[in-house]
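A short worksheet on the structure shown next.
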Amino acid sequence: MSWTKALPVADLGPNARQVVNLEGQKILLLNHEGSIHAVANSCPHMKLPMKKGKIVEGAIVCPFHRSAFDLCSGAVQNWTPFPPGIGKVMGMIKAEIPLPVFATKVENGEVWVDITAAA
Ligand code: FES
């Protein structure tokens with residue numbers, strides 16, 4: 001394990017999001033329903049940023065081609081469904097890849113991320 005201090009927990013209030021750079025990795029921190037999640041800010045499909053992805057039924061949805069990834073495990077729930085028809089063709093460019101997710105903890109008022117624990 002490699003716990004790395006990310007930011008003060010006070011900077012991640014309810015529904016807040018922040019992208020932090022930890023040892024060369026851009027990681028998206030989200031406070032969703034009182035739980036702090038850390039996921040790669042880069043979508044596995046075309047490496048576009050996940051920061052503005054909506055959270056729908058426990059999954060974060062990429063704002064570009066709307067691939068959906070389980071917020072806790074990173075597992076693919078839907079792969080490039082958008083735009084209709086074209087999205088599925090774009091999805092064939094690359095096999096389905098889960099979104100890396102990282103363990104988090106809060107200690108002494110700081111959010112810590114285990115950057116070695118991508119699932
Ligand atoms: S870049 Fe995220 S689904 Fe295409």
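The numbers here are math on the coordinates, done by the rules we state, and not lab data. Here the structure is a predicted model, which is why all the values come from computation and not from measurement. Neighbour counts are summed over all protein chains in view; Cβ atoms, including those assigned to glycine, are modelled from backbone coordinates with ideal geometry.
Shown for Ser67, Ser2: other C-beta atoms within 10 Å of each C-beta, ranked fewest to most, produce the order Ser2, Ser67.
So what is the 222 nm mean residue ellipticity for the chain from helices alone, if each DSSP H run of at least 4 adds -39500 (n - 2.57) and you divide by all residues, rounding to the nearest 500 deg cm²/dmol? Taken over the chain, the calculation gives -1000 deg cm²/dmol. Just need the relative contact order of the chain here, percent rounded to a whole number, with Cα pairs under 8 Å and 6+ apart. Reported as a whole number, the value is 27 percent. Gain on full extension, evaluated as 0.36 nm per residue between Glu33 and Ile97 minus their Cα-Cα distance, stands at 20.5 nm.
Working from label points 7 Å from Cα in the Cα-to-Cβ sense, the Ser73 to Lys52 distance is 3.0 nm.
Per-residue Cβ neighbour counts within 10 Å put Phe82, Phe69, Phe102 in the sequence Phe82, Phe102, Phe69, beginning with the fewest. How large is log10 I(q)/I(0) at q = 0.21 Å⁻¹ when the Debye formula is applied to the Cα atoms of segment 3-114, each weighted equally and without solvent? After summing over all Cα pairs, the log10 values are -1.07.
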